[in-house]
Amino acid sequence: GKNEYDLLIIGGGSGGLACAKEAAQFGKKVAVLDYVEPSPQGTKWGLGGTCVNVGCIPKKLMHQAALLGSALKDAQHYGWNIAQPVHHTWSVMAQAVQNYVKSLNWGHRVQLQDKKVKYFNMKGSFSDPHTIRGLTKAGKETVVTAENIVIATGGRPKYPTHIAGALEYGITSDDLFWLKESPGKTLTPFVFNVSLECAGFLTGIGLDTTVMMRSIPLRGFDQQMASLVTEHMESYGTKFLKRCFPTKVEKLESNRLQVTWKNTDLGTEETDSFDTVMWAVGRAPDTETLNLETVGVKTNSETGKIIVDASEATSVPHIYAVGDITEGRPELTPTAIAAGKLLAQRLFGQSLELMDYDNVPTTVFTPLEYGCVGLSEEVAVQCYGSDNIEVYHAYYKPLEFTVAERDATQCYMKMVCLREREQRILGLHFIGPNAGEVTQGFALGIKCGATYPQLMKTIGIHPTCAEEITKLHITKRSGLDATVTGC
């Protein structure tokens, strides 16, 4: 029989929606299946995937709430008369954020309708390589066939199920943004960027917040920068329990959660009670119900992610995968969107262009933001050897911090270059206000193969933080003090 759709997407997140909308532009018959399995705590949400509902969007808005709290403190130095004490109401912020997210859910549904993409609110699983069995929440079954199928189901936060009480009493980032009431005194064990970002804004809105980390912060990022980020968070008020790991969570009669942990440095066992425990132990690909083994889609047995080639093709012809579900790809919304669009263009628009995953910029929205693009210093040294790398760096003070008398000890930037005559820029790392906005602009230059001499010819915009990048001249190798003085 003839396949019903030219393209069927399983997963209505960033990558899946981008792929669907792009394919529809070519006049193809396209369908999207999307279904949100409630979290163990019962949290669920609408169309749009992790970024819209439980990721980048609510996180950045809550980060903004915390920045406004800092701005209120600064404002008094600038002559604003702010009545004390200043109080933050979680429920007002949460309601506003949740309302905005719901408007995005609705917007995605309207866009699909406008582009004539069929939307199924169903959980999909393969019954053969061209056929998907969809199940509604009520258990009603629909069978959909398609010429091409794209898996874009992303990932969900993992629970450390080996820890007693973790699943029963803990939450994850899937729940935090949808809480109606303040999480109160919060512990977030393990350190992925979402853990630091959430701990940062919780501290910023005045909550007692503790991060528990067993090893290094921000794995996969430049470790000098990661240390500066956590140092700033400590001075900002976030508590850190270093080289500690939790062993159990128990509920007390008061409804508070008593957490027991081991301190590996001291060899001791310690306890404290919290209102909320938010796990941030990484994410697992959402493949469980897809029935991939039946159709022969190969996955990495260790990570569970789908193995794809440079064209996002899986081991089965006509079945593709994009976004966080794929092995070896950055778990970032913009890469999923770009990969989804390019895939649709290759399938239906006679394009041959592949997604380029090199020099993808990103930002960690901690209280002092950290933006980067390209290689970390460690990876550059591994690839080229320390003798062939030149690192230009500077500690600087944002002008906004001066009148407000804010500490700028961790405001720092470095540029990793090849030492050869051309001095091509391999990586840029920036900690400071608006790091995302700063990094985005420089990312274009680095993508185009910018060199250190070209950067030196770039005129800065005065007085900005980004301008300091155009003035980088002290190398680590020189051993000179890298503190910027003067304006």
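The values are calculated or read from the model by the stated rules, or taken from the named source; none is laboratory data. This one's a predicted model, so the numbers in the text were calculated from it and none came from an experiment. Cβ placement follows ideal geometry from the backbone for every residue including glycine, while neighbour counts extend to all protein chains displayed. To get the accessible areas, we keep the full protein, side chains included, count just its heavy atoms, and leave off ligands, DNA and RNA. Shrake-Rupley method; radii C 1.70, N 1.55, O 1.52, S 1.80 Å.
What is the number of the single condition among (1) open to solvent by less than 40 Å² (accessible area, probe 1.4 Å); (2) within 30 Å of residue 429 (Cα to Cα); (3) in contact with a Phe, Trp or Tyr (Cβ under 8 Å, 6 or more places away or on another chain); (4) not in a loop (DSSP other than H, G, I, E, B) that residue 277 does not meet?
(2)
Are any of the residues in segment 285-293 surrounded by fewer than 13 Cβ atoms within 10 Å (Cβ to Cβ) and either part of a loop (DSSP other than H, G, I, E, B) or touching a His at 6+ places or on another chain (Cβ under 7 Å) (or both)?
No; the residues of segment 285-293 include none that is surrounded by fewer than 13 Cβ atoms within 10 Å (Cβ to Cβ) and either part of a loop (DSSP other than H, G, I, E, B) or touching a His at 6+ places or on another chain (Cβ under 7 Å) (or both).
Matching residues to (1) open to solvent by 20 Å² or more (accessible area, probe 1.4 Å); (2) under 19 Å from residue 389 (Cβ atoms):
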| position | (1), (2) |
| --- | --- |
| 428 | no, yes |
| 440 | yes, no |
| 449 | yes, yes |
| 452 | yes, yes |
| 456 | yes, yes |
| 463 | yes, no |
| 473 | yes, yes |
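Just the residues that are of a type in the set (A, V, I, L, M, F, W, C) and either in contact with a helix residue (DSSP H, G or I) (Cβ under 9 Å, 6 or more places away or on another chain) or under 13 Å from residue 165 (Cα atoms) (or both), please, taken from segment 242-260.
249, 252, 257, 259
How many residues, within segment 258-274, are surrounded by fewer than 16 Cβ atoms within 10 Å (Cβ to Cβ) and of a type in the set (A, V, I, L, M, F, W, C)?
Count: 1.
Can you give me the number of residues within segment 209-225 that are in contact with a strand residue (DSSP E or B) (Cβ under 8 Å, 6 or more places away or on another chain), open to solvent by less than 40 Å² (accessible area, probe 1.4 Å) and either of a type outside the set (Asp, Glu) or not assigned by the TED database to the domain that holds residue 247 (or both)?
Count: 7.
Inside segment 28-51, can you point out the residues that are surrounded by 19 or more Cβ atoms within 10 Å (Cβ to Cβ) and within 14 Å of residue 155 (Cα to Cα)?
Across segment 28-51, the qualifying residues are 34, 35, 36, 39, 48, 49, 50, 51.
If I filter segment 423-441 for residues that are in contact with a Ser or Thr (Cβ under 6 Å, 6 or more places away or on another chain), without any contact (Cβ under 8 Å) to a residue 60 or more places away in the chain and farther than 19 Å from residue 222 by Cα, do I get at least one hit?
yes
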